[in-house]
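Everything below concerns the one structure shown next.
What follows is calculated from the coordinates using simple rules that are stated; it is not laboratory data. Keep in mind the model is a prediction, meaning the values are calculated, not measured. As a convention, Cβ positions derive from the backbone with ideal geometry for all residues, glycine included, and neighbour counts pool all protein chains shown.
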Amino acid sequence: MGREYELKYRGDAAVIQAIQEKYAPFTQITMETTYYDTQDWKFRRRGWSLRRRMENGVSVCNLKIPRPDGSRGEWETVSASLMAGVLALVSQGAPEELLSLTAGGVTPFCGARFTRLAREIDLLQGSVELALDQGCLLGGGKETPLCEIEVELKSGEDGVAAAFAEALAREFGLVPEPKSKLARAMELAL
């Protein structure tokens, strides 16, 4: 199982541009994300997220579950379809409960469409990925702008990412974004 520890901040186009100029070069990834759940919200009730994302045209399936320490368990696999992805995620160690949850079918209910500029940054005691996301969140036939900055731990202790993120927030006047893309898109859908 992978473990995801990340910090998110609200941004705007000017802040994204300033961060991009300071930390260039970045890799650009076009992303179209669809989140799935059962008709009776079994994933939502567990705090799980099941998604399929097209990343520069490549289909990637992902499952995230909450962990007691505030991080998330995460499994990800390249897969041509969501259901093939579910099988692959379980084979990677995702909870077998995923099979029974999806057995009756799942429905897309919200999503996101955005461009990510990403760069891995090596630090003294680890590394982080700096991601700059701009686009929109989608749900319930509505959309709202998306503009956020993410710092995700890639190696080292959580404090490595936290220290980098805090310094970035101070320098660029960033405000923490406590809600995930899924939570904000779900608000549109409900």
Take the conditions within 24 Å of ALA169 (Cβ to Cβ), touching a Gly at 6+ places or on another chain (Cβ under 6 Å) and either among the β-branched types (Val, Ile, Thr) or surrounded by 13 or more Cβ atoms within 10 Å (Cβ to Cβ) (or both) and apply them to ARG67. Does it pass? yes
Would you check which residues across the range 55-77 are more than 12 Å from GLU32 (Cα to Cα) and among the charged types (D, E, K, R) and list them? LYS64, ARG67, ASP69, ARG72, GLU74, GLU76
Selection from the range 42-53 of residues surrounded by 15 or more Cβ atoms within 10 Å (Cβ to Cβ) and either more than 15 Å from LEU182 (Cβ to Cβ) or not hydroxyl-bearing (Ser, Thr, Tyr) (or both) yields LYS42, PHE43, ARG44, TRP48, LEU50, ARG51, ARG52, ARG53
Pairs under 8 Å by beta carbon, first residue touching a residue at least 60 places away in the same chain (Cβ under 8 Å) and within 14 Å of LYS64 (Cβ to Cβ) in the range 31-44, partner among the charged types (D, E, K, R) and surrounded by fewer than 17 Cβ atoms within 10 Å (Cβ to Cβ), six or more apart or different chains? THR33/ARG113
Among the residues of the range 114-127, are any under 21 Å from LEU137 (Cβ atoms), in contact with a Lys or Arg (Cβ under 9 Å, 6 or more places away or on another chain), surrounded by fewer than 20 Cβ atoms within 10 Å (Cβ to Cβ) and acidic (Asp, Glu)? no
Of the residues in the range 18-74, those that are among the hydrophobic types (A, V, I, L, M, F, W, C), touching a Lys or Arg at 6+ places or on another chain (Cβ under 7 Å), in a strand (DSSP E or B) and closer than 22 Å to ALA118 by Cα come to ILE29, MET31, VAL60, CYS61
Within the set of pairs 6+ apart or on separate chains, which have a first residue in the range 107-118 that is in contact (Cβ under 8 Å) with a residue 60 or more places away in the chain and on the phi < 0 side of the Ramachandran plot, a second that is in a strand (DSSP E or B) and loosely packed, with under 15 Cβ neighbours inside 10 Å, and C-beta atoms under 6 Å apart? THR115/THR30; LEU117/GLN28; ALA118/THR27
Kindly indicate the residue of the range 81-100 that is touching a strand residue (DSSP E or B) at 6+ places or on another chain (Cβ under 6 Å) and in a loop (DSSP other than H, G, I, E, B) and also surrounded by the fewest Cβ atoms within 10 Å (Cβ to Cβ) among those meeting that condition. GLN92
Out of the strands (runs of 3 or more DSSP E) lying entirely within the range 105-167, which hold 2 or more residues that are hydroxyl-bearing (Ser, Thr, Tyr)? 107-123, 142-155
Can you go through ALA183, ALA112, ALA163 and tell me which one is within 23 Å of GLN28 (Cα to Cα) and of a type in the set (A, V, I, L, M, F, W, C)? ALA112
